[in-house]
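Working notes, beginning with the structure itself.
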Amino acid sequence: MIYEPDEESLKYAAEVIRTGGLVVFPTETVYGIGANALSSDAAEKIYKAKGRPSDNPLIITLPSVSDVEKYAYPPESYFRLAEKFLPGPLTCVIPKKSNIPDTVSAGLSTVAVRVPSNPIARRLCALSGVPVAAPSANLSGKPSVTSLKSAIEDMYGRVDVIIDGGESEIGLESTIVSLDGDKATILRPGGITVEMLREVLPGIEIGSSVKEEFDGIPSAPGMKYRHYAPDAPVYLLDGDDAAVYNWITEKAAELASQGRKAGVLCCDEDTPLLALLGSVSLGPRGDDGVQAHRLFECLRSFKDADVIYGRLPDDSGLGLAVLNRLLKAAGFQIIKL
Ligand code: TXA
Ligand code: MG
């Protein structure tokens, strides 16, 4: 069930994928749960294992950019992005070919294509010889999986193979860009930042679902579901240091007097918050890379909290991706101080 990422194990895992089974494997972003994307039956198993709604399409993972045209019709802008950022944490939504079944694309005419840089993911996809449909390896609605421990927590017994890839390097899912002719839109921020994308496609837009609540028009079908959420409700505080410290300290004391527990997500500099029971640090305030890397494991660590409080991060660089995941985990519940 759990395998080291050696060549023999990867050959076995590739055989499992080819013959319709499920394999949890590491990527540079988060762990994925993979199946043969050419088989409706295999893709169906992913939805079942994750408890994922069937109208939320899957990403297909390929070993190299040169494979993309076998399954999709990439526009010229795809190759410009690919030259700079692939293999890497960038997924592009482009028109699909008919060999990708509706079960994978959830009936859409497009498919999300990803070429990861993680050597284990690439080797597994290459050995499989088929496109690998691979969403994040968490149970639907929960924070994504960035460690073997979390992969086991969510997927043990639901899949055929789990490959140990240690901690995920980036810790947040890939950036998703929709490419429609000359128009490019960021559907989900991630490892490749807006600033980086603008160097190649200056006109790229940030989709409304990145910072705003779903408004009824699903630019990306997954955006309408609650995501990345621990069991307890999450609230984000918007205010200066003193106001946030006072508010959370009072709230934590109030909850404690009722026999309930507050979970607090803060940074290394937030000394008054770190003194509270149930606080977890995302890392240094100025280090968005460390914050991205730790975010999902921090959210998963609040096992016995009744309510979780966090703070709105700065939205530059990787901060935008951290903000996006926190907003979704919180169901957009923001408390302005
Ligand atoms: O980093 C990643 O992208 C990870 C690793 C495992 O590769 N995968 C991942 O997959 O995050 P998933 O399924 O958890 O998130 C993919 C998102 C979903 O919100 C889905 O709705 C959206 O991509 N998506 C997939 N196909 C789409 C399409 N054709 N059009 C618009 N959105 C699409
Ligand atoms: Mg996911």
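Each reported figure results from applying straightforward, stated rules to the coordinates on display, with no laboratory input. A quick note: this is a predicted structure, and the numbers were derived from the prediction, not measured. Glycine gets a Cβ as well: all are built from the backbone with ideal geometry, and neighbour counts include every protein chain shown.
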Query raised in the report: Restricting the count to DSSP beta bridges whose residues both fall in the chain, what percent are antiparallel, rounded to a multiple of 5?
Result: 40
Report task. Over the alpha-carbon set of the range 296-337, divide Rg by the Kirkwood Rh and report the Rg/Rh ratio to two decimals. Result -> 0.97
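Mean residue ellipticity at 222 nm from the helices of the chain, using -39,500 (n - 2.57) per DSSP H segment of n ≥ 4 over the full residue count, to the nearest 500 deg cm²/dmol? Before the final figure, lay out each step's value.
Numbers: 11 runs with 108 residues, N = 337.
Counting only the DSSP helices, I get -9500 deg cm²/dmol.
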Query raised in the report: Which loop GluC sites (Glu not before Pro) in the range 246-310, with loop taken from DSSP, have no more than 15 other Cβ atoms within 10 angstrom of their Cβ?
Result: Glu269
Query - Lys, Arg +1 and Asp, Glu -1 on Cβ, resulting dipole of the range 23-77 about Cα centre, debye, nearest 20 - result: 300
**Report entry** Qualifying trypsin sites (Lys or Arg not before Pro) in the range 17-105, DSSP loop, other Cβ atoms within 10 Å at most 13
**Finding:** Lys97
Query raised in the report: Could you give the Stokes-Einstein D for the range 190-333 in µm² per second, using the C-alpha Kirkwood radius, 10 °C, 1.306 mPa s?
Result: 99
Query raised in the report: What's the long-distance tail for the range 106-179, i.e. % of Cα pairs beyond 18 Å?
Result: 48
Query raised in the report: Taking the Cα centre of the range 221-337 as the origin, how large is its charge dipole in debye, to the nearest 20, when only Lys and Arg (+1) and Asp and Glu (-1) carry charge on their Cβ atoms?
Result: 580
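In square nanometres and to one decimal, what's the mean projected area of the convex hull around the Cα atoms of the chain?
That works out to 16.3 nm².
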Report summary line: If every Lys and Arg gets +1 and every Asp and Glu gets -1 at its Cβ, then about the Cα centre the range 144-283 yields a dipole, in debye to the nearest 20, of 460
Requested in this report: Percent of Cα-Cα pairs per 10 Å bin, from 0 to the last occupied bin, for the range 150-201, please list those.
Outcome: 19, 34, 23, 21, 2
Requested in this report: Subtract the Cα-Cα distance of Ile2 and Asp304 from 0.36 nm times their separation in residues, and report this length gain in nm to one decimal.
Outcome: 105.9 nm
Report task. Measure of size requested: the Rg and Dmax of the range 245-323, with Cα atoms as the atom set and Å as the unit; please supply both. Result -> 12.6, 40
**Report entry** For the range 81-229, average projected area of the Cα convex hull in nm²
**Finding:** 9.7
Query raised in the report: Quick one, what does Rg over Rh come out to for the range 10-103 if you take C-alpha atoms and the Kirkwood Rh?
Result: 0.96
**Report entry** the chain, relative contact order in percent, only Cα pairs under 8 angstrom and at least six apart counted
**Finding:** 19
